1. Of the beta bridges DSSP finds with both residues in region 127-297, what % are antiparallel, to the nearest 5?
2. Only helical DSSP H runs with n ≥ 4 go in: add -39500 (n - 2.57) per run for the chain, normalise by residue count and round the 222 nm mean residue ellipticity to 500 deg cm²/dmol.
3. As an exercise, take the mean of 1/r over every pair of distinct alpha carbons in region 127-297, invert it, and state the Kirkwood radius in angstroms.
4. Can you pull a Stokes-Einstein diffusion coefficient for the chain at 4 °C (1.567 mPa s), Rh from Kirkwood over Cα pairs, as a whole number of µm²/s?
5. Assigning unit charges at the beta carbon (Lys, Arg +1; Asp, Glu -1) and nothing else, what dipole magnitude in debye, to the nearest 20, does region 127-297 show about its Cα centre?
6. Quick one: work out Rg over Rh on the C-alpha atoms of region 1-153, Rh as Kirkwood radius.
7. How much accessible surface area, in Å² rounded to 10, belongs to the heavy atoms of residue 263 with a 1.4 Å probe?
8. Just tell me which lysines come within less than 26 Å, Cα to Cα, of residue 215; anything on the same chain fewer than 8 places away is out.
Amino acid sequence: MLVIGIETSCDETAVALVEDGVRVRSNVIGSQVDRHRPYGGVVPEIAARAHLELLLPALDRALVEGGATYDDLDAVAVTAGPGLVGALLVGVAGAKALALAHDLPLIGVNHLEGHLCATQLEFGPLTPPLMGLIVSGGHTSLVLLNADGTFVTVGATLDDAAGEAFDKVARFLGLPYPGGPEIDRLAISGDPAAIAFPRALLHDGTYDFSLSGLKSAVVRELRRREAKGEEIDLADVAASFQEALVEVSVRKTVAAAQAYGVERVTVVGGVAANSRLRAAMADACRVAGLQLLIPSPALCTDNGAMIAAAGWNRLVAGERSPLDLAADPGLGMTPVPAPPAGPA
Ligand code: KG4
Ligand code: ZN
């Protein structure tokens, strides 16, 4: 079964074709990064207008590169939320039009569930139980996929998301947007132990995160050194900040997996592309005897293939969205419905 996945929740206009929820036939990403860079972050109005311009060409390319026509499609999956409302509306309206014109089932997908389902594109269908760390520009949470197929959030950030912390710190360091990949690169030549930044909530016994204090500590340290006229090694600051964020993320994920008796872990979302997080998580999982399923960086950042994969899961579980599906900027995680009963 061939599902087309449409993702427009933030600043990537992404369309992909995925076969049977696991085989990527095409994965087109029309990036808007250059349009937002002058403003140092995503401008919602610019994002929505750019999606309008980029969506139809992305649809055409995804079909051509996937060697398919509209007649070959079995369903249309689209991110219904969470995200920027104007941006989401473009994808949802486009998906509805496709579903109506070609008489295809429409499946509204939660963006975070989509991130988790990127894992199945590389490792095959998700086998529960699984502990997923979602670290993106807008979200940071630990989500448990239960044996009954339901997703449960076991912890989340109380303030900034991991990607937001990366982007804000990068801005203070004078690095261009998006800052995560810039800090990742700069940190390679820095000393992660140069500055002991705080590790908030590391020992609080919860699976929650708090990252705004870390960001403020970086700013305070930069200002203190500036005031004293001390030379600032930006690579050391980047590496030390990244290490603090990574240490908390890794420890909380491993602790959550152990607490819930889960043997498989996945890390998804844009920040899962971070090289230090990937390496540290791999080490910690090896020591703890956990299997780490972490998609390659291109599938960690926003893409349409992850939405098609999540849509396929819901399609085979018998779910369909109505043609009046709403774009919901605050959409929460919803359990995947149980598969329909088989023949008696
Ligand atoms: O999941 P995503 O593509 O979009 C959202 O749903 O938010 O995540 C984007 C976030 C941005 O904050 C970006 O700076 C961060 O992911 N990011 C990274 C890296 N690549 C992207 N953060 C740290 N290291 C990276 N290599
Ligand atoms: Zn995302």
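The values are calculated or read from the model by the stated rules, or taken from the named source; none is laboratory data. Please read all numbers here as calculations on a predicted model, not as lab measurements. In this analysis, Cβ positions are derived from the backbone assuming ideal geometry, glycine residues included, and neighbour counts consider all displayed protein chains. Side chains included, ligands, DNA and RNA excluded: accessible areas come from the protein's heavy atoms. Shrake-Rupley method; radii C 1.70, N 1.55, O 1.52, S 1.80 Å.
1. Numbers: 11 of 19 bridges.
Taking every DSSP beta bridge within region 127-297, about 60 percent pair in antiparallel fashion.
2. Numbers: 11 runs with 150 residues, N = 344.
Calculated from helices alone, the mean residue ellipticity at 222 nm is -14000 deg cm²/dmol.
3. On the way: mean 1/r = 0.0618 Å⁻¹.
It is 16.2 Å.
4. Numbers: Rh = 20.5 Å.
Reported coefficient: 63 µm²/s.
5. Values: 16 positive and 20 negative charges, 7 e Å.
The calculated dipole for region 127-297 is roughly 40 debye.
6. Values: Rg = 15.6 Å, Rh = 16.1 Å.
Rg/Rh: 0.97.
7. Result for residue 263: roughly 130 Å² accessible.
8. Of all the lysines, those that pass the test against residue 215 - Cα under 26 Å, at least 8 places apart if same chain - are 168, 228, 252.
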